[in-house]
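Here's the structure we're looking at; comments come further down.
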Amino acid sequence: MSAIESVLKENRVFEPSDEFKTHANVNGMDAYNALCDKANADYEGFWGELARDNIAWKKPFTQVLDESNAPFYKWFADGQLNVSYNCLDRHLADKADKVAIIYEKDDGSSENITYRELYERVCRCANGLKSLGVQKGDRVVVYMPMVADAVVAMQACARIGAIHSVVFGGFSAGAVKDRVKDAAAKVIITANESVRGGKQVPLKATVDEALAGGDCPSVEKVVVLARTDAQVPMVEGRDIWWQDLVANQASECEPEWVDAEHPLFILYTSGSTGKPKGVQHSTGGYLLGGIVSLKWVFDYKPDDVFWCTADVGWITGHTYIAYGPLAIGATQIVFEGVPTYPDASRFWSTIEKHKVSTFYTAPTAIRSLIKLGADLPTKYDLSSLRLLGTVGEPINPEAWMWYYQVVGQNRCPIVDTWWQTETGSNTIAPLPGAVAIKPGSCTLPLPGMMVDIVDESGAPVEKGNGGFLVIKRPFPSLLRTIWGDDARFKSTYFPEDFGGKYYVAGDSAHRDENGYIWIMGRVDDVLNVSGHRLGTMEIESALVANPLVAEAAVVGKPHEVKGEAVVAFVVLKGERPQGEDAKRIAAELKNWVAHEIGKIAQPDDIRFGENLPKTRSGKIMRRLLRSLAKGEEITSDISTLENPQVMEQLKQTI
Ligand code: PRX
């Protein structure tokens, strides 16, 4: 049975236990409904009160929402604040000695960093950046391993009002270059190497490669954290060791007070067209989304040990590592390693070691760990856990049940959180002390999130029918624009098809008889591989940039562990290769894509044809390619195809 079929047959329901409910921040459906009613009755009053209660403002705002230039909405616009102040300074009075970060290193050693220590490290780094000439509004690319200093770097940018753009450490030089250029970054912060699974991975060398050729004239300085002892070439006048930069800096740094709408960061994500787009987030609204979701969805308690296993290179690592947990004064784990090193029990042993109470990971990790040792969690003391979460892709009920029974020991609710780089924080997810959970459903919207499922005309669909997932009202943590491309922002997210008023998420979904939302997948040409978002067009562009390739089309196919796998149909400039030749060229092209974008975008399967299936007007028939990739029988009429014979060729895997 496929994952989708098994989701459609799912009807189990798990109510929150009385024990969990009693201590929950939002206790029972009446409390949840009361929050929703409040938001419905007085939308601005609802968000305004939350913003006043949860954020320390330097200058209070007088207007909650400004819709005068829709869809360029503004929240709390005349208020002033600083995110780093909210995450650090405001805890110093009563939590200075509380552990902010447990930095769990790749080799299994760990380091505790208190709020005071983190504050001082951030201030030193902020002062260091200032000494390099970084000012409010300047862009700083952060290309770092999952070390505690990655959080320090992000917080330091926020402290001085610089806009960071974190680039995932697994991306290649080409991807770094594109992002540096698009944002005209002044400084890059990196490390000599990262350490993952016992292996050293060069990062500085990748930055050097990105900057070679002089395509990035905006870059003035490269700050290099010495994560290992490896010596790397340093360019005179451009490169500076992090350790030298911060050595003599003051451990205090007055925060730069910024307007609530000041961009906090840019984060690039894939869409169906063109290059990845720089999703631009605000300061005040974004911060609020992180805080309220941690209180509602993660039911935050002061003695929690929170662990989100994401990388800071993705939105999950921004909101649920770099900002949210610090803003509420939590103790959290920053994990440098991989789930399979030194063996597949790393997650479970780390939960035991640090007495983790809240664990947040991706379905793909769960599925791969089931494969590698379904009984491994039982060998560890996981009694500290009280809440589990998933994010990034739909979870199949089988993996959900294992997570619930074996990891959570039938005790811990699972919050399946639907959201996106663009929404900034959890958007649809259960409030675990209120909403009963169903395996595979992200359940109900958070209070104040006006989610709906509509047809092509924008009319709500009947329960049970699939449709487009939309959000009908702007909300504080929603992206503000695409960096440097307001027009693309408008046409991508607020298309005229729906009157230009709804935020269109790009997912399809349906509602069941209880109003629960079930995400069915993307409606555009975006793939979700191991919870990572990839545009088919990006991979196609990378492939056709190879001198051997004439044409390429990329589609997804279901994959047991990764959720989706990348299948590339390729036409070479020369003859269609066969046998050993085909194998060799396929391997070459996989490496090529890894080099152009990053390993995560590497096709799993490459198939060669003399041509691609096209209509007589020359349009590639992707629907057919999807069926071929899945190995389905082609039953539809292919007589309109210009070149039906290529279908046989493209069936053949290499
Ligand atoms: O298709 C949805 C899927 O991931 C997409 C967003 O990807 P990204 O911006 O990279 O953010 C991922 C982490 C927030 C969505 O459009 N997605 C995310 N969470 C879920 C999900 N699909 C189903 N269930 C989820 N819980």
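The values are calculated or read from the model by the stated rules, or taken from the named source; none is laboratory data. What you see is a predicted model; the values in this text were computed from it and never measured. Cβ coordinates were reconstructed from backbone atoms using ideal geometry, including for glycine residues, and neighbour counts include every protein chain displayed.
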Of the criteria (1) of a type in the set (Val, Ile, Thr); (2) modelled with pLDDT of 95 or more; (3) surrounded by fewer than 22 Cβ atoms within 10 Å (Cβ to Cβ), which one THR283 fails: (3)
If a residue has to be of a type in the set (S, T, N, Q) and closer than 15 Å to TRP242 by Cα to count, how many in region 106-154 make the cut? 2
Those residues of region 508-535 which are away from the ligand (no atom under 13 Å from the Cβ) and surrounded by fewer than 22 Cβ atoms within 10 Å (Cβ to Cβ), in sequence order: ASP512, GLU513, ASN514, GLY515
Residue pairs within 9 Å by beta carbon, gap of at least six or interchain, first lying in region 518-543 and within 17 Å of LYS277 (Cα to Cα), second of a type in the set (Phe, Trp, Tyr) and modelled with pLDDT of 95 or more, listed first then second, are HIS532/PHE168; HIS532/TRP314; ARG533/TRP314; ALA542/TRP592
Does region 183-212 hold any residues that are touching a Lys or Arg at 6+ places or on another chain (Cβ under 9 Å), surrounded by 20 or more Cβ atoms within 10 Å (Cβ to Cβ) and under 27 Å from SER541 (Cβ atoms), and which are they? ALA183, ALA185, ILE188, THR190, SER194, LEU203, ALA210, LEU211
For region 16-78, which helices (runs of 4 or more DSSP H) that fit wholly inside it have 1 or more residues that are closer than 22 Å to GLY284 by Cα? 28-41, 43-54
So, LYS275, is that one surrounded by fewer than 23 Cβ atoms within 10 Å (Cβ to Cβ), closer than 18 Å to VAL141 by Cα and touching a strand residue (DSSP E or B) at 6+ places or on another chain (Cβ under 7 Å) or not? no
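Can we say LEU650 is closer than 17 Å to PRO547 by Cβ, in a helix (DSSP H, G or I) and in contact with a helix residue (DSSP H, G or I) (Cβ under 9 Å, 6 or more places away or on another chain)? First the steps, then the outcome.
Working: closer than 17 Å to PRO547 by Cβ: no; in a helix (DSSP H, G or I): yes; in contact with a helix residue (DSSP H, G or I) (Cβ under 9 Å, 6 or more places away or on another chain): yes.
Answer is no for this residue.
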In region 427-465, which residues are modelled with pLDDT of 95 or more, more than 14 Å from the ligand (Cβ to nearest atom) and small (Gly, Ala, Ser)? GLY433, ALA434, ALA436, GLY448
How many of the residues in region 343-392 are within 14 Å of the ligand (Cβ to nearest atom) and at positive phi? 1
Matching residues in region 624-642 - criterion: being touching a Gly at 6+ places or on another chain (Cβ under 9 Å) and at pLDDT below 85: GLU642
Odd one out for TRP296 among (1) touching a His at 6+ places or on another chain (Cβ under 8 Å); (2) away from the ligand (no atom under 14 Å from the Cβ); (3) of a type in the set (A, V, I, L, M, F, W, C): (1)
The condition from (1) modelled with pLDDT under 95; (2) among the small types (Gly, Ala, Ser); (3) within 16 Å of the ligand (Cβ to nearest atom) that ALA505 misses is numbered (1)
Which condition breaks for ILE600 when tested against (1) among the β-branched types (Val, Ile, Thr); (2) under 25 Å from MET647 (Cβ atoms); (3) within 27 Å of the chain's Cα centre (by Cα)? (2)
Could you check how many residues of region 41-93 are of a type in the set (Lys, Arg) and buried (at least 21 other Cβ atoms within 10 Å of the Cβ)? 1
Note down all Cβ pairs under 8 Å where the first residue falls in region 603-614 and is within 16 Å of LYS562 (Cβ to Cβ), the second is of a type in the set (S, T, N, Q), and they're at least six residues apart or on different chains. ASP605/THR653
Identify all residues within region 452-488 that are closer than 15 Å to SER508 by Cβ and touching a Leu at 6+ places or on another chain (Cβ under 7 Å); write none if there are none. ILE453
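With respect to VAL292, is the statement that it is within 26 Å of ALA162 (Cα to Cα) and within 16 Å of the chain's Cα centre (by Cα) true? Before you say what the answer is, go through the steps one by one.
Details: within 26 Å of ALA162 (Cα to Cα): yes; within 16 Å of the chain's Cα centre (by Cα): no.
Considered against the rule, which asks whether it is within 26 Å of ALA162 (Cα to Cα) and within 16 Å of the chain's Cα centre (by Cα), VAL292 comes out as no.
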Residue hits (region 299-317; more than 16 Å from the ligand (Cβ to nearest atom) and not aliphatic (A, V, I, L, M)) are ASP299, TYR300, LYS301, PRO302, ASP303, ASP304, PHE306, TRP307
Any residue at all in region 609-623 that is at pLDDT below 95, assigned to a helix (DSSP H, G or I) and crowded, with 16+ Cβ neighbours inside 10 Å? yes
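Within the bounds of region 320-327, is there any residue that is among the hydrophobic types (A, V, I, L, M, F, W, C), surrounded by 22 or more Cβ atoms within 10 Å (Cβ to Cβ) and farther than 22 Å from GLU393 by Cα? So that I can check it myself, show each step before the final result.
Pass one, region 320-327, residues among the hydrophobic types (A, V, I, L, M, F, W, C): 321-322, 326-327.
Those still in the list that are surrounded by 22 or more Cβ atoms within 10 Å (Cβ to Cβ) too: 321-322, 326-327.
Filter once more, so that each one left must be farther than 22 Å from GLU393 by Cα: 326-327.
Yes; the residues of region 320-327 include at least one that is among the hydrophobic types (A, V, I, L, M, F, W, C), surrounded by 22 or more Cβ atoms within 10 Å (Cβ to Cβ) and farther than 22 Å from GLU393 by Cα.
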Can you tell me which condition GLU588 does not meet? The list is (1) crowded, with 20+ Cβ neighbours inside 10 Å; (2) closer than 30 Å to SER368 by Cβ, and all the others hold. (1)
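Residues that are hydroxyl-bearing (Ser, Thr, Tyr) and more than 20 Å from the chain's Cα centre (by Cα), at least 1 per element: which helices (runs of 4 or more DSSP H) completely within region 128-214 meet that? Spell out how you get there, then give the answer.
Working: elements: 148-160, 173-183, 204-211.
Counting at least 1 such residues, we get 204-211.
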So which of ASP215, ASP244, ASP229 ends up being over 17 Å from VAL187 (Cα atoms) and surrounded by fewer than 16 Cβ atoms within 10 Å (Cβ to Cβ)? ASP229
